Amino acid sequence: MLQVTHTITIGSDKYSSPAHSRLISLDQSSRMDTLVNVCSLIMAPPAGLTIEPDDDIEVELGNGNSSGIVFTGKVLEADWRIKEVRVSASSSARLLSLARYNMYFEKYSAGQIVTDICNEASVSAGQVDDGITFDYYAIADNRDAADHIRNLARLCGFEAHTDEKDQVVFAASSPGTPHPLKYAVNILEASIRIHAEGYVETDFYGESPSSFGQGSSASTWFTKTEVSGTASKGSGLTLPFFNPSIRTVDQASTVAQSYLDYWKAKKKGFVSILGDPDIKPGDAVQIDDMPVNSQNGLYKVTGVEHRINRIKGFITRLTLKEI
């Protein structure tokens, strides 16, 4: 039987299993559709604990075979009760979901824009790739900063999320070597949804004469020539998009392919497995030996939830999307 271990550091205090543990339960979630990772703890007894909002918090979990950090962030709230303390925490990227900026960029790559946004919000950036270089790009306060970063990621075909070290990642998908998951070995529960085909073609329209001999800095309103790109994987429904920041045919084609990859119907679902701190959002998993063969396959992890309690022990739930 695997031994569940944990080390929780809050401020300057450290609580480790088994001798110095105060942990009753833990729920931690990291998802790729939001930049904000969250963590909830219940700790007891409250006497002697010193926990304040904005305290640094780090959570490391282990399963007997391996251990690793799964969450770094800040305490949002401490709920003091007679027999326990309930702690809510989030990654620093929470500031990006609150911030609204008006910013204008010339000759900036998407990565440079993301770095500037993070710096403005005092949020740490980790791996940030360049992606598309825009002649002109603007963000407005009608959307929060996190939403602008997600939109830039979609244009570039990138992933945008916050890692376990509390750093924003903006980069192309790189799943790496798949983690093996097998029915009756480490898979406890599964749900895989198989969708009917949806959009099989995307048309992306920009606005520019630059691809027709006038240069990338040409004024868009002087032309009626259409800048467009198409990506297709068969015949069927077409999904059109428009963004005037896209000013060349090459850029439009790149974005059309990115949007097709994002919107194309793929198998999705979740599996619950024996607790595993090594699996991160963006990783790949290979599912085998399922009772129904269509459930098997290679998937990307789009979300990770770690749960520890005294009844079920350490369980990890993975949200998946077919690769």
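Here is how the numbers come out for the structure above:
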| item | result |
| --- | --- |
| Count - residues of segment 184-231 that are on the phi < 0 side of the Ramachandran plot, hydrophobic (A, V, I, L, M, F, W, C) and at pLDDT 75 or above | 10 |
| Unmet requirement for Val301, which otherwise passes all of (1) hydrophobic (A, V, I, L, M, F, W, C); (2) more than 19 Å from Arg31 (Cα to Cα); (3) at pLDDT 95 or above | (2) |
| Selection from segment 104-125 of residues that are out of contact with any His (no Cβ under 9 Å at 6 or more places or on another chain), closer than 17 Å to Asp141 by Cα and not polar (S, T, N, Q) | Tyr104, Phe105, Asp116, Cys118, Glu120, Ala121 |
| Test: residue in segment 138-147 that is assigned to a strand (DSSP E or B) and either more than 17 Å from the chain's Cα centre (by Cα) or of a type in the set (S, T, N, Q) (or both) | yes |
| Options Ser12, Ser21, Ser91; residue that is touching a residue at least 40 places away in the same chain (Cβ under 8 Å) and either of a type in the set (S, T, N, Q) or closer than 30 Å to His148 by Cβ (or both) | Ser91 |
| Check on Ala19, outside the structural domain of Ser122 (by TED's automatic domain parsing), among the aliphatic types (A, V, I, L, M), farther than 21 Å from Val304 by Cα and modelled with pLDDT under 95 | yes |
| Some residue of segment 108-131 being assigned to a helix (DSSP H, G or I), touching a residue at least 24 places away in the same chain (Cβ under 8 Å), surrounded by fewer than 17 Cβ atoms within 10 Å (Cβ to Cβ) and outside the structural domain of Gly206 (by TED's automatic domain parsing) | yes |
| Number of the exception - Arg150 against (1) in contact with a helix residue (DSSP H, G or I) (Cβ under 9 Å, 6 or more places away or on another chain); (2) under 23 Å from Ser29 (Cβ atoms); (3) assigned to a helix (DSSP H, G or I); (4) modelled with pLDDT of 95 or more | (1) |
| Residue list for segment 188-206, filter: within 24 Å of the chain's Cα centre (by Cα) and outside any strand (DSSP E or B) | Ile194, His195, Gly198 |
| Pair list, Cβ < 7 Å and 6+ apart or interchain, from segment 177-199 residues that are among the aromatic types (Phe, Trp, Tyr) to residues that are part of a loop (DSSP other than H, G, I, E, B) | Tyr183/Asp289; Tyr183/Met290; Tyr183/Pro291; Tyr199/Lys264 |
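The values are calculated or read from the model by the stated rules, or taken from the named source; none is laboratory data. What you see is a predicted model; the values in this text were computed from it and never measured. All Cβ positions, glycine included, derive from the backbone under ideal geometry; neighbour counts span all protein chains shown.
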